[in-house]
1. Scan the range 111-137 for residues that are under 23 Å from the mean Cα position of the chain (by Cα), in contact (Cβ under 8 Å) with a residue 24 or more places away in the chain and part of a helix (DSSP H, G or I) and jot them down.
2. Before we move on, is ARG100 open to solvent by 10 Å² or more (accessible area, probe 1.4 Å) and closer than 26 Å to ARG344 by Cβ?
3. Tally up the residues in the range 140-172 that are on the phi > 0 side of the Ramachandran plot and open to solvent by less than 30 Å² (accessible area, probe 1.4 Å), please.
4. For the list (1) over 30 Å from TYR448 (Cβ atoms); (2) in contact with a Ser or Thr (Cβ under 8 Å, 6 or more places away or on another chain), I need the number of the one condition that ASN401 fails.
5. Tell me which residues, restricted to the range 496-552, are free of Cβ contacts under 8 Å to residues at least 60 places away in the same chain, surrounded by 18 or more Cβ atoms within 10 Å (Cβ to Cβ) and among the aliphatic types (A, V, I, L, M).
6. Identify, by number, the condition in (1) in contact (Cβ under 8 Å) with a residue 24 or more places away in the chain; (2) over 27 Å from ASN437 (Cα atoms); (3) among the polar types (S, T, N, Q) that SER277 doesn't meet.
7. Quick one: in the range 538-569, which of the residues that are out of contact with any helix residue (DSSP H, G or I) (no Cβ under 7 Å at 6 or more places or on another chain) and not in a helix (DSSP H, G or I) is modelled with the lowest pLDDT?
8. Taking the criterion of being polar (S, T, N, Q) and free of Cβ contacts under 8 Å to residues at least 24 places away in the same chain, would at least one residue in the range 221-237 satisfy it?
Amino acid sequence: MSKSFNIIKTNTSNPKVWVVIGVSVVGFVVLAETLRRRRNPKLNGRVDFGAFLERFELIPFPQPPPPAARQPLAGLKFAIKDVFDVKGYVTGFGSPDWKRDHHEAERTAVVVTLLLKNGATCIGKTVLDEFAFGITGENKHYGTPVNPQMPSHIPGGSSSGSAVAVAAQLVDFALGTDTIGCVRVPASFCGILGYRPSHGTVSMIGVLPNSQSLDTVGLLARNASILHRVGHVLLQLNAVEPRRARRLIFADDIFQLSKVPKLKTIHVISKAIESLSGYQNPEHMNVGQYIASNVPSLKGLRAQSTSPENGTATLKALSSVMLSLQRYEFKTIYEEWVKSAKPRLGYNVFERVLEAINTTQDNIKILYKVRNEMRAALQRLLKDDKILVIPTVSDPPLKLNTKKTYSAEFHDRTLVLSSIGSMSGCCQVAIPIGKYNEHPISISFITYHGGDKFLLDTVLDLYDSLQEQVNIASNLVPLPDTNGSIDASELLKEKGNAAFKGKQWNKAVNYYSEAIKLNGTSATYYSNRAAAYLELGCFQQAEEDCSKTISLDKKVRARVGYVDCSMLIYLLCIV
């Protein structure tokens, strides 16, 4: 130990030594924090970004022998929201009181079994808002999963843990459920893809319901290829359809509700389809006015407006009907249990459950009538080849522990947009398109009920071009200059350093990762990324980058011979 210290002391004039010292310190801190977490069970809930409630492994069904083709999901890992039954486990519904009062499931949910049959491996259950009754992703009992894109902000819910597990690259995809936006909202806030299938097309057998007229199984994925593969399995699609023309319809009135400039949304999408074949010129329309004209049952429910353009009032009425329908159906299923168990609930969930239990049945027929008229109206609008384009959410994610008054306004504005997909029963995919003011932004494609294959194929077809246009518009990834990729990687490293100094840890990780893609032999890039991972609490990733740094730089290993895992663990254990 003293010999190693003398080596460093006698070479302090050499800049390389400071790299050695930095790597050593990072290694010590990573292992110290890892050991501290293992010794302190109270910290275990934040491991893996706090996404998981339970970790286990459900292995896939046996692969077919050659020459049969591999199963389509072979090699992929997934997680499931804790509303899906798994044989031998209690389905917790996000509530310790519910879990205590119920028994282990006797069967595994149909959709989970389907994924296992097709080669995927399930590695655990994820956190959700209690009873899937929220859109923030916060849970009083199990904590709020950490949004990898913005750690100080909510991840969105109710499928928060599933979204975080995908965004943090802990799994390839995850299952959630979507009732009033419970997959689409967290997908948007965590910068990933979120798919709400057409209502009733994916089995809900073995899934705890929230509101059966609105509930769907939902899918979250890191990229369009995985979304496409898993989506086809969920829908059990085999037929090959000929390529069809596609026409995008921009909902101009709804984009006006968004706080993101059109350059970041409509312009990017328009540029993306210019280079692709099969896309007709986009159309523009006022969707609120269309709904007002084609869903007559909303007329008596709409707030009076002096403006001739009453589309916004119509959308607010539609979201109000959606909430009333959700409350009524939740009450029908759970009223008896809630009154007898008196569960402990977080503040926001308590309010919504109380509203649901106190719901009257006076206007229930009109609620279902609006739902039926809304589905018919969207079918007429989107049939054959049309895709409605809207912002997924209107606002950026709230900061954690935001005041209740602002939270209520955010809640209402978010549901105005999500009510279009939920009340029509149409299929919808939320697609990330970069960032604005440091928060992820997302647009949604919606098409007719039953048009899921058409929608998934469109997203796969358009995704790469869309991301290319996002990069051009945002100028996030500079093009290599005349000196080649090494100079480009150095520029990315400097951008990462600037982000690190500004305490934008996740952005720094992204820049360092891009630099590593261009030049994977630089120890500096790995050591810098390790430091950023430390700030995010990603200790396993930081440790891996430390090891990579040492393996790449033999001079570091020679000068600090004691920096190896076994010796560090020994030293940390005796501290």
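The values are calculated or read from the model by the stated rules, or taken from the named source; none is laboratory data. Treat the numbers as computed from the prediction; the structure is a model and nothing was measured. Cβ coordinates were reconstructed from backbone atoms using ideal geometry, including for glycine residues, and neighbour counts include every protein chain displayed. All accessible areas refer to the heavy atoms of the entire protein, side chains included, with ligands and DNA or RNA removed. Shrake-Rupley method; radii C 1.70, N 1.55, O 1.52, S 1.80 Å.
1. VAL111, VAL112, LEU114, LEU115, LEU116, GLU130, PHE131, ALA132
2. Against the criterion (open to solvent by 10 Å² or more (accessible area, probe 1.4 Å) and closer than 26 Å to ARG344 by Cβ), ARG100 qualifies.
3. Selection size over the range 140-172: 2.
4. Unmet for ASN401, out of (1) over 30 Å from TYR448 (Cβ atoms); (2) in contact with a Ser or Thr (Cβ under 8 Å, 6 or more places away or on another chain): (2).
5. ALA499, ALA508, VAL509, ALA515, ILE516, LEU518, ALA532 - these are the residues of the range 496-552 that are free of Cβ contacts under 8 Å to residues at least 60 places away in the same chain, surrounded by 18 or more Cβ atoms within 10 Å (Cβ to Cβ) and among the aliphatic types (A, V, I, L, M).
6. Answer for SER277: the failing condition is (1).
7. ASP564
8. The first filter runs over the range 221-237 and keeps only residues polar (S, T, N, Q), leaving 223, 225, 236.
With the extra rule that they be free of Cβ contacts under 8 Å to residues at least 24 places away in the same chain, the set shrinks to none.
Within the range 221-237 (the criterion being polar (S, T, N, Q) and free of Cβ contacts under 8 Å to residues at least 24 places away in the same chain), the answer is no, since none of the residues qualifies.
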